[in-house]
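Written below as structure tokens is the structure these notes are about.
Just so it is clear, none of the values below were taken in a lab; they were calculated from the coordinates. Just so we're clear, the structure is a prediction, and the values are computed from it rather than from any experiment. Positions of Cβ are generated from backbone atoms using ideal geometry, with glycine treated the same way; all protein chains shown enter the neighbour counts.
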Amino acid sequence: MAAFRYFSKKLLSSTLKTDIRAPVSNNYVVCVRLLSYTPMPYDGNPDPGPIFIKKEVQTLLTTLTRVDLAKVYRKRKLGGRQLEQPVYKFMTDEQLQEALDEAKRKVDEILQIPPVVAVRKPRDKVVSRDPALQGLDSSNYIFTDISYGVPDSERIILVRDTEGTLRDADWATRDRINQMYFPVARRQVTPPKMFEDDKLDDLLKRGEYNFILDRACLQFEPNDEFYQKVCSVTYQHINENNKFEDIRSTRHFGSFAFFIAWHKMIDNLLLDLIESEHIDEANALVELYAQLHGEKFRGNSIEEYIGKFSTKKAALELALQAYKNAAKQKHALEEGIKRAHGLN
Amino acid sequence: MLPPSSGIGQFAATSAKVIRFVRAGCTNRPFYHIVVAERRREQFEPVIEQVGSYDPMPNANNEKLVSLNLERISYWIGNGAGCSGPVEELLGLAGYFPIHPRSYMTAWRNRRKADEEAAAKEKADDSNEEKSETSSSV
Amino acid sequence: MASQLLHVTRTLSKLTLNTKCRVTNTLIKLERELPKQPLFNHASRNTNFFNKMPAEDLWKGITTVSNAGKKRGRGKTVSKKNIKDLNRGQIIGVGKANMLWPGLTAPVIRGKEIVEQQQLPEDPERQARLNQLRDQMGTHRHAKLSPIERGWSGAKMPGRSIGPPDPVGEDHFDGFDTKVLELKTVFNMKGNFGRKRRVSATVITGNKNGLVGFANGKGVEPRTAMRKAKNRSAQKLMHIKIFRNHTVYHDFFTQFAATKIYVWQKPEGYGLECHRAIKTICEVVGIKDLHAKVEGSTNVTYVMKAFLLGLVRQKTHQEIAEEKKLHLVEFTKETGCFPTVLASPAQCRKEDQLGKDEILDFTQYCFDGKVILKKKKYPPFYTKLKSYETYLKKQEKLRNKDKVKLDLIAQYGEIRSFLTEKYPECRPFRRAKKEEEQEAEA
């Protein structure tokens, strides 16, 4: 990651100096493209995990997700499997209500936000060194403890390398071995090709955000650096193209909102919320921003945010003013109707 | 129909048990199950329990994969089961047993062989160089 | 024999040179007069079977069998395929040697000149043309049908489409299609005529959107029978309800005489899995997914009548809900089993108002309480054989082969592994395509 940043910085400086249209090699082209979205995993301080699981933050994220039952229970592809015959039931009013309630209760489970945690630390524990074993074999041995009831993250996976050192396996190896001996359904041993740069770019252009995020959730652990890279690039693409509606009412909207608030780029979403007159959600978003960055707004938090931190001040102020005017007109109209009906 | 390779769990109470390999691969492609079996049984008879596997062919990342159900292995060893030589070697490399002397011996022999080969090669190179030098001087 | 006798007498005469013997002289004279032919000969005649009978009779003798003969089973091998009229294409005066015969193959006088007999250059294509003509003879072939146009069996009519019904006045049957269900020969006894042969056709017509009609027509020719039936079927249209434009509203059981049909609703993409007549009807009606099982008689007409009866008697979900006075709710897997209300009654019953033995299971309700007898499936006989065990053992190591193949193709684009570089000779044999082979040769 660091290497990538270093390289991209170098590239930026060099492109600033020289003409960008100068003949460049193939590698160059890829990097120039990637420059538009720098992958931003949660690798710095502070750790986002404890903040993310705070109750207030979770409530704010759920508010922002905006539950729409039709979208939560939308028709999904079954991945090549044949459709099954639906089940029909006769129900009384009470039974139907119960079934609907059950479906509403299940929404929390379906919309469970993928955890936001810091990137996992590299594993480099050495168990024993035995140089006398040098030359025993030309390949490494990987020993996996397959005792039952041990979670994947705590499983003993050791490598005896050709130098005779017995050490802990690194994360990539652990993922591979875990998937080999304890397969997660539909997860692949090697990450699928769709996460490669050019293919991911194509998917982003086609706006297949849910597909990317769902597959990433399935394939990787939430503290995997590659997962966070893929997600961050996708979130940035969504944010830049204002495609919030695509992931609203899915489990990914919470993570997305957290991401943009964490990296201080909530202006696009805020503008969208004000323009679509979801002022509660706009408030929640600003509140989330305050929670993550330890700010405290007094009075009208949106106005305060726009004044202090916004980078799109003019557009936001205009939208807010328009919203206020519309609200005032609406209020006046309601009053008028009430008076006409003789209610006042 | 076929007895499961994970074992049938049937055995005589007083018979001698042993942890050993059962070859489960195809022709030219060895693969071993590490199993607990009665010592008097043949290799391909139904086993008591499978406690691991061993793939002696290096994979694409040059790794030989070994899986061990250490919990069950401990149980069977505690119940007086023995281990075959290759299994003892593997468990030694895994850090579960002390390293088997044969592992050290093999490593030492391999190293000696490599040294000898390197020395022979050096010698051959030297003589070649000398020859080339002499030929050039001529 | 005679010549041998003569030979003997000649030698005798040579032996007695000086003697004058008249007998030998006369014999020698005889020899001169007699032609050199064997003394005895077989009887022969110059008229035979072929030049005594007229050509017509001869052809008849080969190509047909008398009625009496047919009854005894003769002439089974006589097929029209093998009969070829070799006279066809042959003209008197035109032959292998391309001669010009004035008065036969050419006019006697051309302009002011008299045409002379003349040898023209040989025509090399004459024999080829004749052969081609002969090859065509006797092998009359039906025009090849595309698989879509084909009926249930070969080029037979049942199952084939015969187009929309003819317009009546200004009413056109746009979007309609007619399919033949049955085409058979029927006989009728007439008082003075005896057996009268006609063709009976049963067809079904529909607009693939719920409108459907069937009819029977008879005629001397199959074509007229089908046309009559088609146009009559267009006059008897009925409407059938189709659920979500692809299947039936609910499972049902239907019966006509001894034909019993169980019909199951199926999800999209399932297809039509049923008797071929039912499949044809569904195609015309516009039903795309369904499973049906015919029990009892499979007479096509009865199957059709039973099935259409069942289709017409379908209830909509609203009707069912009203009848039961309960909500009808759908749970599908692809929407995460969310309760989707299909129909609600005007007045819903309470839980305590439900009858004690009332059928509340929807499938049971659709089959009217009937339970389908499903026979227990026994394992096939070979699973008990020793050889099957051997087979299983051998197959066990191949159990993931196809998946591995697919993975390798996904990863490398062909069946190879990371070891292929080290052992390039170890790759699956692939037969080169013909083009590649030719290229390699070139």
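Each of B:82, C:303, C:225 was scored by the projection of its Cα onto the charge dipole of the protein assembly as shown, and the greatest displacement toward the positive side belongs to C:225; charges sit on the C-beta of Lys, Arg, Asp and Glu. Seen from residue C:246, the other residues with C-beta closer than 11 Å to its C-beta sum to a net charge of +1, counting Lys and Arg as +1 and Asp and Glu as -1. Shape class of region C:362-405 from the alpha-carbon gyration tensor: oblate, with a/c at 1.5 or above and b/c at least as large as a/b.
Report, as an integer, the average count of C-beta atoms from other chains found within 10 Å of each Cβ along B:56-63. Please report the intermediate quantities before stating the final value.
On the way: counts 3, 2, 7, 7, 5, 7, 6, 10.
Across B:56-63, the average partner-chain Cβ count within 10 Å equals 6.
Among the listed pairs B:64/C:397; A:71/A:229; C:266/C:350, those whose Cα-Cα separation exceeds 29 Å are C:266/C:350.
Work the Kirkwood hydrodynamic radius out for region A:121-232: mean of 1/r over every pair of different alpha-carbon atoms, inverted, in Å.
16.1
If you take the charge dipole of the protein assembly as shown about its Cα centre, with +1 on Lys and Arg Cβ and -1 on Asp and Glu Cβ, which of C:365, A:238, C:345 is farthest toward its positive end? Farthest towards the positive pole: C:365.
Over 26 Å apart at the Cα level, from the set C:333/C:376; C:84/C:196; C:279/C:374; C:70/C:196; C:394/C:434; A:243/A:313, are C:333/C:376; C:84/C:196; C:394/C:434. Kyte-Doolittle cut-off 0.5, length cut-off 15 Å along the helix's own axis using Cα: show which whole DSSP H helices in chain C pass. Once both thresholds are applied, what remains is C:300-312. Along its first, second and third principal axes, ordered by size, chain A spans 99, 70, 39 Å in Cα coordinates. What the Cα atoms of the protein assembly as shown give is an Rg and a Dmax of 47.4, 180 Å.
Cα gyration tensor of region C:316-374, axes a ≥ b ≥ c as square roots of the eigenvalues: rounded (a/c below 1.5), prolate (a/b > b/c) or oblate? It comes out oblate by the Cα gyration axes.
Rounded to the nearest 20 debye, the dipole magnitude of region A:126-169 is 60 debye, with +1 charges on Lys and Arg beta carbons, -1 on Asp and Glu beta carbons, and the Cα centre as origin.
Between the Cα long axis of helix A:279-293 and the first principal axis of chain A there is an angle of about 40°, rounded to the nearest 10. Between residue C:353 and residue C:442, the contour length at 0.36 nm per residue exceeds the alpha carbon distance by 23.2 nm.
Direction-averaged projected area, Cα convex hull, chain B: 12.9 nm², rounded to one decimal.
Taking other C-beta atoms within 10 Å as the exposure proxy, B:103, C:44 rank C:44, B:103 from fewest upward.
Please state the shape class of region A:47-112: rounded when a/c is under 1.5, otherwise prolate if a/b exceeds b/c and oblate if not, all from the C-alpha gyration tensor.
Oblate is the answer for region A:47-112, as a/c is 1.5 or above yet b/c matches or exceeds a/b.
Dipole check for the protein assembly as shown: with +1 at the C-beta of Lys and Arg, -1 at the C-beta of Asp and Glu, and the Cα centre as origin, the magnitude is about 7900 Debye. Over all Cα atoms in region C:385-442, the spread is summed up by Rg and Dmax: 16.9, 54 Å. Candidate cross-link partners of residue C:96 among the aspartates and glutamates, defined by an alpha-carbon separation under 13 Å and a same-chain spacing of 8 or more, comprise C:122, C:123, C:125. Under the Kirkwood approximation applied to all pairs of distinct alpha-carbon atoms, what is the hydrodynamic radius of chain C in Å? After inverting the mean inverse Cα-Cα distance, the result is 33.4 Å.
For chain A, the longest principal axis of the alpha carbon atoms and the long axis of helix A:93-110 meet at an angle near 50°.
Remark: B:83, C:348 ranked as C:348, B:83, counting other beta-carbon atoms within 10 Å and listing the fewest first. Between C:102, C:158, C:167, the residue with the greatest mean-square fluctuation in the GNM of chain C (Cα pairs under 10 Å linked by springs) is C:102. Pairwise alpha-carbon distances in region A:37-163 exceed 18 Å for 77% of all pairs. From largest to smallest, the equivalent ellipsoid semi-axes obtained for region A:126-169 from the alpha-carbon gyration tensor read 24, 10, 7 Å. Taking every residue in C:343-354 and counting other chain Cβ atoms within 10 Å of its Cβ, the average works out to 2. In terms of other Cβ atoms within 10 Å, B:108, A:262 run from fewest to most in the order B:108, A:262.
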